[in-house]
Protein chains: 4
Amino acid sequence: MTHAQPDRPWLDVSVFRVPMTAPDDVSGLRQLLDSDTLKADEIVGIIAQPEGSGYARGYASLCMQLELAPRLGISPEAVFDRIPMMMIGLCGGLMSPHYTLFARRSVDAPDTPPAESRLTVGIADTRVLRPEEYGTLTQVELVAEAVKGAIAQAGITDLADVHCVEVKCPAMTPARLADAAQQGAPVVSTNLGQASSMAKGACALGIGLALEEIPPEKLNADVINRNRALYTSRGSVSAGGEQSACRVMVMGNSDRAVSRYRVGHGVMQDQLDTAGVYTALASAGLYAQSPLTAAQQSQIVQMFVNCGADAVGSVRDRRHTIHSDFLAGYAGIMAKAVANAVVASVVGDSMILASAGNEHQGAPGSNLVAAIIECMD
Amino acid sequence: MTHAQPDRPWLDVSVFRVPMTAPDDVSGLRQLLDSDTLKADEIVGIIAQPEGSGYARGYASLCMQLELAPRLGISPEAVFDRIPMMMIGLCGGLMSPHYTLFARRSVDAPDTPPAESRLTVGIADTRVLRPEEYGTLTQVELVAEAVKGAIAQAGITDLADVHCVEVKCPAMTPARLADAAQQGAPVVSTNLGQASSMAKGACALGIGLALEEIPPEKLNADVINRNRALYTSRGSVSAGGEQSACRVMVMGNSDRAVSRYRVGHGVMQDQLDTAGVYTALASAGLYAQSPLTAAQQSQIVQMFVNCGADAVGSVRDRRHTIHSDFLAGYAGIMAKAVANAVVASVVGDSMILASAGNEHQGAPGSNLVAAIIECMD
Amino acid sequence: MTHAQPDRPWLDVSVFRVPMTAPDDVSGLRQLLDSDTLKADEIVGIIAQPEGSGYARGYASLCMQLELAPRLGISPEAVFDRIPMMMIGLCGGLMSPHYTLFARRSVDAPDTPPAESRLTVGIADTRVLRPEEYGTLTQVELVAEAVKGAIAQAGITDLADVHCVEVKCPAMTPARLADAAQQGAPVVSTNLGQASSMAKGACALGIGLALEEIPPEKLNADVINRNRALYTSRGSVSAGGEQSACRVMVMGNSDRAVSRYRVGHGVMQDQLDTAGVYTALASAGLYAQSPLTAAQQSQIVQMFVNCGADAVGSVRDRRHTIHSDFLAGYAGIMAKAVANAVVASVVGDSMILASAGNEHQGAPGSNLVAAIIECMD
Amino acid sequence: MTHAQPDRPWLDVSVFRVPMTAPDDVSGLRQLLDSDTLKADEIVGIIAQPEGSGYARGYASLCMQLELAPRLGISPEAVFDRIPMMMIGLCGGLMSPHYTLFARRSVDAPDTPPAESRLTVGIADTRVLRPEEYGTLTQVELVAEAVKGAIAQAGITDLADVHCVEVKCPAMTPARLADAAQQGAPVVSTNLGQASSMAKGACALGIGLALEEIPPEKLNADVINRNRALYTSRGSVSAGGEQSACRVMVMGNSDRAVSRYRVGHGVMQDQLDTAGVYTALASAGLYAQSPLTAAQQSQIVQMFVNCGADAVGSVRDRRHTIHSDFLAGYAGIMAKAVANAVVASVVGDSMILASAGNEHQGAPGSNLVAAIIECMD
C-alpha cells in the first residue's frame, strides 16, 4: 500500500459498450460523438470484439480510424498510433459483436470526492520491437515497464488496485521472419504461430512482473511458455500483425478518480466455476448472492473474460474434445464460446468480451474475469 | 389424473452414465456386464453422445451391438431392433462423450413402497414408415400412438408424470428419395435436410399430441415446421438414416417403480435462464437454492438438454453470429456447446446430454431440460 | 451479325492482374498508379478475390476506395458508386488472392486497326432495387437492360462477341427484410440465403435474356431457380449486402478496340472436362493442343471460372461428399478450390478467378470459363 | 539389378476398386466374395478412402473385418492382424469414397509367361513398437527391414521394380504417452501431433532407405522431419491409433507375376505438374500423349496420389492460403482435394486415392503418383 501523492490530477473516466452489426459498423460510435456524449479527444482506448475471420479485426479498426480521424484532425494512421485499439476477433456461440470505448479527462478536484476509489484507465506503448525480440526476456521487461507507465498514468498508486491489464503485441509475420533472417538475427521460432505464442507469453510474464505476481528471480528465457506455474491473474494478451510495439491498457481503481464505475477481478478455477464471477463482481463492489437480481445485473457495465478451456483436455475430470475433434482448428473460438456462455448466464448478458490466451494468463484451464460495475451512490 | 390400475407390475429401473474415450469404446459397458452390475437382458435403452462426425453414431451403435449380441444370444442386427440406441452425435465445447444405459426389470411388490413415485422408462416403436410419410400427419399420429404405448409400458398412469420423451426417427436419404420417386409417391421435400427436419417436426408434434400439450384440433399438415406456437416441452427428437421406424423412449415417475431415482423437467426460456435448470431439479425432487452444493450436485445422475440457441438470432436482444459467421455450418454444434456449458456450470458436470432440435421442441430459443436425480431416502 | 456503326468511338482497354498479400493490400494498385502505368480515372472495373471470410470483401473494397478517392478527387463512397468493385471472396485450396483491374480510354482511330476484334469492356448499373423485387421478373428485366447498356457502352454490336458478363447484385439482409415487412411488401423468401439465391438466379436469367440465350417467352416468375434448363453460358453472378443496385461488367471483343487483348469463353461440361478450357482459349484466339507450352501459358492474362461442382452430387458417376461430409458448410469454397486447381493445371497459374454460383449459370455441374489472352501480333 | 532366382513362385495378383456409399458400406466386397470373383483367403491388403472424420476409418475397418471374419473362419480382430487395412480418411472436394482390394495367389508356371513384368504385391509388418521408439532411428530401421521383406515376398528382385510402398504406422495417443511416462521412457515429443508426424517421417525414411533412395550414412536421429532433402519418391505413410506395429504394402512389377496389371510411378513437381501423371502412366506401360483418350483412361485401374500442397505456401510463386485462412485446420483435406482434382482431370476419374503426408515423402510441394494399368495384350 502506497500513500497517494497529492499532485496526482483528478480524472473522470467513462465507459461505453456499443453493439456492432458488422465489423464496419461504427454507427454507435458516430452517434455518441455526434451527440457529444463522447468527445473524440477524450477516447483513450477501444477494446472490440468484431465477428468474422482474422481480417475483420483490421477492418473494424480501419473503420474506427476513419470515423475518428476528421474529428481529431489527424490522419487515420495517426489515430491508430494514438488510441490503442484492441481488436479481439473470432466470435462463437452466443458471443455478441461489440466494442467498449474508454474515455478519460482531467477534472477539477470535486467538492465531495467519492467515498471509495473509482475506475481509472491508463495506456502506454513499448518501443517498436524487432522480430528477434519477440518472445524474449527483453519483451518481458519492456512490457513490464509499459504496464508500470500505464499504471502511473492512470493515477494508481497501489498495485492491488490494478484489476485488468490488456496487452496487444506484434504477431510474427512472414515479412518479419524474412527481415530477421536477412539481418542474421535468430528468432525464438520460425513457426509463425509458435513465435507469436511466445510473444504473448512474454507479454503475460511482463504483466505479472509489473504487478509483482511473479518474482523477478524466477524469470529467465527458459520459462517463457514452459513454466506454467508462473502467470498473471489480471492480464490478457493478444497478438496482431498490425502492431509493431506492445500496446498496454490498464484498468484499476484510484482515489483520484471521479468516474461512476469501479473495476474488480476474479478467477474461475475452471470453466464451471461461476463463483469466480461473483468474486470479480464483489471485487468491484457488487456484493451479491447467486443468482443476481435484475437490478444487480443492470449495474454491470462490462465483463472481460480471458478463457482457458483450450489449455487443458478436461473439466473436473470430464474429457472434452476441443483439441481432438474435427473442429479442433477452432479450439480458441470454442473456448471463448463456452466461457462467454457461462459468464453470460450469470450476468444475464452475452455481449461481454471473451478472449482466449493461455500463455501465462492464469493457471491452465482457468478463466480470468474482470468486471466494471456502475456505482449506485 | 388417472387412477392407478392395481394390476400394473412393479418395476425397478437402473441408470448408468458411462464415459467413452472414443466412439468404439464400450469398455464401460463391458465392465458393468462382466461384473453383473448390469444384466444385458434388462437393458431397455441407450442414449449416447459420441464424438466425431455423423458416422461416429453408427460406429458407436455397432460396437455396442457387437458387445451385447453374444450376451443376449442374438445377432447384432437383432440387438439394434430390440434396444433403442439413441445416438446423439457431434460434440462441441466442453461436451464430454458418454452414454446413458437404462435397465428395467419386474420385481415383486415391495414391503415398503417408496413414499413417492420413482423413475420408470418405457419404450415403443412405430411401424416402419414409408419415405412419403416422413413429415406428415401420419407420422404425427404414429408417434403419438407409440408414445402412449411407451407410457403404458412404463406403468405411468398420469401424463403429468412423463418428463422426458426421446424419439429417434428415420432421416430422409438419397435411397429413400429414389424409392419414393420410383413409386410415384410425393414426399414432403426432395431436399434431404428439409425432409428430415419435417420428419423431426412431425415426431415432436406427435409427442405433444400424446402428452396433451397440443390440442388435436390444431393439428393439420400445414402446421408442421410452420406454426412455432405448437410444441412439446418434454420431448427431444433426432433423425438418423439407420432408422426405418420411429423409436421412442419415455422417462417418467410411477407409483409402481422402486428405482432409486426420480425424473423431472424444466424449461430454460432462453440460453441464459439457469432458473429453468433449477425447475427441472425441483420437478425431480431436488429443491435447491442457487448455487448447488457439492452434495446436491452429486445427487444428479444425468441431465438431458435439448438446445434452441440456433433457432433464434439473439439472446435477450443481444445478437449472436451462430447463423451468419464462418462457422454457420456448425450451428447445431455451437448451440449444444453453449447449452451444455451453461447447464454444466449449474450442475458441476459437463458430461451431460445435449441435443439440438428446434422443430416443435420448446418455444424458439428455449432449452428443454430433464433431470434424473438419485433419491436420498 | 450486325454492321458496325461508324460513330462508335475507338477504345483502348488495359487489364492488370495484381496479387494481394491480404485483403487490405493495395500496394500493387498504388504502384501502378504512382508509376502512371494505370490512370485512376481510366479504371472502369475491378474484380477481386480476397482471402478471409465474407467481411474481407468489404475490407478490400474499402481499402481500394481509400486509395482511389484522393486520386479521383472524390469521396471513397463516390468511388464505390463510380467503379463496380466485384469482390469474389472465400478462397480455398490453391486459390491465390488477387485482383484484376480494367481500364478503358477513348483513343483516336488508329492508322492500322488490328486485324481482328479486340477486348473491350462496358459497365452499367440497374436502378436501386427494392427488397421485394429481388428474385423477381422485374430484376430479370432490369439486369437484361443493364447488360444491353454495358454491351453498347463497350462498343460491341454483335452478341456473339460478348464472352463474359459479371454481375454483382444486392443480397437480402435482415434490415432489408425488415424494410419490406414494414412496407407490407411480400418478398420472394424471408430466408436470407434463399432470397439472395433467387436474386442471383434472376440476374443470371437477365444475362441470358440479354444475350439471347434464353427466349423471352420461356421466362416467368416460376422458372427462377426452378427450371435448370434455362441458363446463361457466359455469365457469373454474386450477391453482396453492400450493393443496392445490380452492377454489370461486360467483356467482349470489338472491331473498334485497339487493346492488346482478346477474350473468349468455353464450357467445362463437368469438373474434369479440361477440353472446355481449351475451347475458351481458342475462342479468344489461342489455338493450342494439350498441354500448353510455357509460351502459350504466358499469353494468358486472366481466366474467370464460374464453378458448378456443388450443384450436383457426383462427377462422371463418381459420388463426392461436398454436400454430405462435415465440411458441407463450405461447399462453395470446395467447389471453387476444385475448379481452380483443374484450370490452373492447364494454364499453369493458380492466380485465376474462381466464383461459385449455380443459379442459371451453366448447366448443373458445369464450369463456365472465360479467358483473356494477349495478342502476339 | 539382381538376377531373378529360379525358385521364386509364380504369383497372380488381382485388384478391385470398389465405391462405398458410407464408411460402413461393404456391399461391394460382399458381392465380390459371394460371386466368387474374389476369394477371402487371397486378400492380402485393402487401401480405403472412407468419408467422415477420423473415426470413420476405424468404422470402415471394423465393418470389413466383420464381413471377412466368418469367411476366413477367424475372429474380426484376427482379420485386422492378417490383412493390412490402410484406411486413408478425410475426403474433400471431388474425392469419391472407395476401397481398393488386393488379392494374390500362387499359380503354376504359365506356358507362355507375359512378355514383361507384371503387378505383384507383398506385405510385411514390423514388430510392435514401443511409444518411445516412435519417430526414432529404430523405427526407420524396422520399417526398412519390413519393406525389404515385403519386396521379397512380392517376388521382386530389382528395387527399380518397386513403384509404391504404403505404410500405416502407430499414431501417438494419450494412453501411449502415459505408458511411456510411467516407464520413464522419453518420447520424441509429448505433443500428440508432433510425435505422430515424427513417426511418419521415420517410416518414410525407412522406405527411402530400403529402396536405396537415401544413403544410410546420411541418416541420423537429427534428420527426421528436419532434413527435407532426404525423401522417398515412392512411398506414402499414414498413422493411426489403431496400429501398434508398422504395416507395409509394396506394389511393384515382377517377372514371376502373371497378373493382368502393371504398376508405375511418377512425380508431380508441383500441384500443377500434370506431366508427372503421364510419367507414372508411362512407367506402368501406358505411353500416352495429353489428353488421354477414353480408351486409355479405361485402362487405368487405380491411381495413388500422395499430396504435398500443404507442405509449401505457394505454387509457382503464387501464394495460396491453405495454412493461413480460416479453414487452416483442414489443410490436409484441402491438399488432397486439390491433388485429387488435378489428377482426376487427367485420368477422367475422381475415385482415386489421395493421401496427405509431407514427412520425407517427396520434395516439399510435390505429389507422388502411382498408377496401376491394365495390360492390353
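Here are a few things to note about the model shown:
- Amide H to amide H, with H built 1.01 Å from N, A:GLY241 comes under 5 Å of A:ALA171, counting only residues 5 or more places away or on other chains.
- Overall form of segment C:118-251: prolate. Here a/c, set by the Cα gyration tensor axes a ≥ b ≥ c, is 1.5 or more, and a/b is the larger of a/b and b/c.
- Label point of D:ASP36 (7 Å along Cα→beta-carbon): distances to the other copies' equivalent points are 5.1, 8.7, 10.0 nm, sorted ascending.
- Helical segments meeting 18 Å axial Cα length and Kyte-Doolittle -1.0 threshold in chain C (DSSP H): C:55-72, C:137-153, C:192-210, C:331-347
- Mean separation of Cα contacts under 8 Å (6+ apart) over length of chain A, as relative contact order %: 20 percent
- Amide proton proximity set for C:ALA257, modelled H, under 5 Å, gap of 5+: C:LEU11, C:ARG118
- GNM on chain D, alpha-carbon springs under 10 angstrom: the most fluctuating residue among D:ALA245, D:ALA109, D:ALA284 is D:ALA109.
- The chymotrypsin sites (Phe, Trp or Tyr not before Pro) of segment B:191-293 meeting both criteria, a DSSP state outside H, G, I, E and B (loop) and at most 10 other C-beta atoms within 10 angstrom of the site's C-beta, are B:TYR287.
- Prolate/oblate/rounded label for chain B (Cα gyration tensor, a/c 1.5): rounded
- Chain A residue nearest the axis that carries A onto D, by Cβ, with distance in whole Å, is A:GLY329, 1.
- Chain A: most fluctuating residue of A:ASP24, A:ASP36, A:ASP317 per GNM, C-alpha cutoff 10 Å: A:ASP317
- Shown here for segment D:47-136: chymotrypsin sites (Phe, Trp or Tyr not before Pro) in loop regions (DSSP other than H, G, I, E, B) with at most 13 other Cβ atoms within 10 Å, of which there are none.
- Three-way shape label, the protein assembly as shown, alpha-carbon gyration tensor, a/c 1.5: rounded
- Packing-based exposure ordering (other Cβ within 10 Å, fewest first) of A:MET95, C:MET85: C:MET85, A:MET95
- Entries in A:LYS168/A:LYS200; A:LYS148/A:LYS168; D:LYS200/D:LYS336; C:LYS148/C:LYS168; C:LYS336/D:LYS200 that, when Cα-Cα distance is taken, lie over 19 Å: C:LYS336/D:LYS200
- Within 10 Å of the Cβ of each residue in A:18-31, the mean number of Cβ atoms contributed by other protein chains is 2.
- About its Cα centre, the dipole of the protein assembly as shown is roughly 0 debye, where the only charges are +1 on Lys and Arg Cβ and -1 on Asp and Glu Cβ.
- Among C:THR37, C:THR190, C:THR173: highest mean-square fluctuation, GNM of chain C, C-alpha pairs under 10 Å: C:THR37
- Segment D:218-352, dipole about Cα centre (Lys/Arg Cβ +1, Asp/Glu Cβ -1), debye to the nearest 20: 280 debye
- Partner shielding of D:46-54 amounts to 5, given as the average count of beta-carbon atoms from other chains within 10 Å of each residue beta-carbon.
- Calculated label separations, A:SER298, copies of the chain, 7 Å along the beta-carbon direction, nm: 4.2, 7.4, 8.0
- Per residue, the protein assembly as shown reaches -9000 deg cm²/dmol at 222 nm when only DSSP H runs of four or more residues are counted, each adding -39500 (n - 2.57).
- Distances between copies at B:PRO113, taken between label points 7 Å from Cα along the C-beta direction, are 7.3, 8.8, 10.3 nm in increasing order.
- Options B:VAL312, B:CYS91, B:VAL79, ranked by Cα towards positive dipole end of chain B, top entry (Cβ charges): B:VAL312
- Looking at segment A:210-249, the GluC sites (Glu not before Pro) that sit in a DSSP loop and have at most 15 other Cβ atoms within 10 Å of their own Cβ are A:GLU212.
- Rounded to the nearest 20, the Cβ-based charge dipole of chain C about its Cα centre (Lys and Arg +1, Asp and Glu -1) stands at 480 debye.
All of the numbers you see were taken from the coordinates with simple rules; none came from a lab. Computed from a predicted structure; not experimentally measured. Note that each Cβ is placed from the backbone with ideal geometry, even for glycine, and that neighbours are counted across all protein chains shown.
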